[in-house]
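Encoded as structure tokens, the structure appears first; notes follow it.
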Amino acid sequence: MHRLLTLLFFGPLLTFSQTIDGRLAKQAEALMSKQVQSEAAELLCTVGGIPAPSGQELKRAKYVAATMQAMGLTDVVVSDIHNAVGVIPGKSDSVLVFISTLDDLAGVALLQEKSPKPVVKGDRVIGPGTNTSSTTVAMLKAAEQLVSNNIKPDYTLVFAAVAQEETGLQGMKEVYELYKSRALGFVDVLGDGERISYGAIGIHWWKVKASGEPGHTLRGGLPNLNRGMSRAIDEIFKLPQVEQYADDYTHLNVGMIHSGTVYNHKPDSGYFTLDIRSLNATAIAELEAAIESTLEQVGAETETAFEMEPFQLTPGGQIPGALNSPLVTTSQVVSRWLGFEPAMSNRGSSNMNVAIAGGTPAIGLGGNRGGQRGFADEWADIPAMMRTTQHVYLLAAILGSKEAWVSEE
């Protein structure tokens, strides 16, 4: 017995309803077969076992690209930045782009050198590199099933495993520039859709470097850059913008403070870090301007030189009407078909931010992938990976059709 998918799309001018018969539901249910789960788990053992710290993803990218070719995708490429991209061509140049993260945290590669290759144990794939890579495998298996079932989309479907997510979303930026002029939307595959993000929070990370006059304790305690940094941090926390823009989910944090190496000398250099977040780009800009002014004033008072150095600036944004768009409403329907009511958020923080900041609709599919990410006993949950595969499959099959976008035309 299969479940029925019912889609309700609410556009600005009309209401469009579509009922999907059991064909797609049966095809999606087939992805939970023991054979397909076993194939996906073994693929994850291989993909997740290839070291791919951010900026060094080439070996993993080449393997993913070769897998795409073997699965029947066309126009498969590995870019200079190490993105692996494959296509299911449609009848139109317009594209729907699915994104997964190819790279790992820096420490994962070190763990992989000391750990055995990932292995399957029950419903888990265990080993460093498996958690994040489960989304790439889910995307690949969904694409394979689309080809195998001879799905012929109206719109071209692009599947991109992108590099350097951990270091500034560089891979996503490349993919976005390539497809933004003809993209219907982007789907950032982070999980099975238990959570769906449709807006993006801006996140700016700064390293505030300080320098001042060094010296021994016995030759006088002032000026001292530690005094300057302490005062600067205190004054920054007093700035009014966080409270003024509280409704825009504006937050500020000092995460790290560092200076000096010995007890009896005042240091000549140090730094502290800032994490600034908001749904409102104006709030971020005003807060950063106020911080710069504060640093200038405190610097003059304490004879400390400050310099703000950007570490990672993740753009944010909101797309008007996104919550009622086909991209979001279809994903909600698929999530319910999978058995849960998705938690909705306009505060996404992932590759999708690049598209939304550029004015292109995007969603992030979130959910529990496993556990212990970044540790030697990292693991991926196989059933969760297969639910992610089902979600990607159904989204691609449904949104690849022109009918699904009637309300947008």
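The values are calculated or read from the model by the stated rules, or taken from the named source; none is laboratory data. Predicted model, so just to flag it, every value in this text is computed and none were measured. Note: ideal-geometry Cβ built from the backbone for every residue, glycine included; neighbour counts use all protein chains shown.
Worth a mention:
- Taken over region 153-178, the residue count meeting the criterion of being part of a helix (DSSP H, G or I) and crowded, with 22+ Cβ neighbours inside 10 Å is 4.
- Hey, Leu184 touching a Leu at 6+ places or on another chain (Cβ under 6 Å), surrounded by fewer than 24 Cβ atoms within 10 Å (Cβ to Cβ) and touching a residue at least 12 places away in the same chain (Cβ under 8 Å) or not: yes
The rows are residues; the columns are (1) in a strand (DSSP E or B); (2) out of contact with any helix residue (DSSP H, G or I) (no Cβ under 7 Å at 6 or more places or on another chain); (3) assigned by TED's automatic domain parsing to the domain that holds Glu166; (4) among the hydroxyl-bearing types (Ser, Thr, Tyr).
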position	(1), (2), (3), (4)
Met32	no, no, yes, no
Ala41	no, no, yes, no
Ala61	no, yes, yes, no
Val64	no, no, yes, no
Thr67	no, no, yes, yes
Asp80	no, yes, yes, no
Val87	yes, yes, yes, no
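- Residue ID - surrounded by the most Cβ atoms within 10 Å (Cβ to Cβ), chosen from residues in region 283-316 that are at pLDDT below 95 and out of contact with any Ser or Thr (no Cβ under 8 Å at 6 or more places or on another chain): Pro315
- The sole residue among Glu113, Glu144 that is more than 26 Å from Val328 (Cα to Cα), in a helix (DSSP H, G or I) and touching a residue at least 24 places away in the same chain (Cβ under 8 Å) is Glu113.
- Asp80 meets the conditions (1) crowded, with 24+ Cβ neighbours inside 10 Å; (2) free of Cβ contacts under 8 Å to residues at least 60 places away in the same chain in every case but one. The failed one is (1).
- The residues in region 338-357 that are touching a helix residue (DSSP H, G or I) at 6+ places or on another chain (Cβ under 7 Å) and either modelled with pLDDT under 95 or under 20 Å from Ala396 (Cβ atoms) (or both) can be counted, and the count is 4.
- Among residues of region 64-77, those that are more than 18 Å from Gly48 (Cα to Cα), of a type outside the set (S, T, N, Q) and touching a strand residue (DSSP E or B) at 6+ places or on another chain (Cβ under 9 Å), counted: 6
- Residues of region 251-272 that are buried (at least 16 other Cβ atoms within 10 Å of the Cβ) and of a type in the set (S, T, N, Q): Ser259 alone.
- Some residue of region 341-358 being in a loop (DSSP other than H, G, I, E, B), in the same structural domain as Pro153 (by TED's automatic domain parsing), surrounded by fewer than 15 Cβ atoms within 10 Å (Cβ to Cβ) and among the small types (Gly, Ala, Ser): no
- Restricting region 212-265 to residues that are free of Cβ contacts under 8 Å to residues at least 40 places away in the same chain and among the β-branched types (Val, Ile, Thr), the residue that is farthest from Gly317 (Cα to Cα): Val262
- Hey, Ala210 outside the structural domain of Ser325 (by TED's automatic domain parsing) and exposed (fewer than 14 other Cβ atoms within 10 Å of the Cβ) or not: no
- Residue check for Val328: touching an Asp or Glu at 6+ places or on another chain (Cβ under 8 Å), of a type outside the set (Gly, Ala, Ser) and at pLDDT 95 or above: no
- Qualifying position, being within 23 Å of Ala376 (Cβ to Cβ), out of contact with any Cys (no Cβ under 8 Å at 6 or more places or on another chain), hydroxyl-bearing (Ser, Thr, Tyr) and in contact (Cβ under 8 Å) with a residue 40 or more places away in the chain, among Ser92, Ser134: Ser134
- Inclusion of Ile126 among residues that are touching a helix residue (DSSP H, G or I) at 6+ places or on another chain (Cβ under 8 Å), of a type in the set (Val, Ile, Thr) and surrounded by 19 or more Cβ atoms within 10 Å (Cβ to Cβ) is not warranted.
- Filtering region 356-376 to residues that are in contact with a Ser or Thr (Cβ under 9 Å, 6 or more places away or on another chain), closer than 21 Å to Leu111 by Cβ and either without any contact (Cβ under 8 Å) to a residue 40 or more places away in the chain or not hydrophobic (A, V, I, L, M, F, W, C) (or both) leaves Arg369, Gly370, Arg373.
- Region 379-408, subset touching a helix residue (DSSP H, G or I) at 6+ places or on another chain (Cβ under 7 Å) and not in a helix (DSSP H, G or I), residue nearest to Arg369 (Cα to Cα): Ala380
- Count of region 316-340 residues which are out of contact with any strand residue (DSSP E or B) (no Cβ under 6 Å at 6 or more places or on another chain) and either charged (D, E, K, R) or part of a loop (DSSP other than H, G, I, E, B) (or both): 8
- Entirely in region 208-309, the helices (runs of 4 or more DSSP H) that have 1 or more residues that are touching a strand residue (DSSP E or B) at 6+ places or on another chain (Cβ under 9 Å) and closer than 26 Å to Ile356 by Cα: 241-244, 281-302
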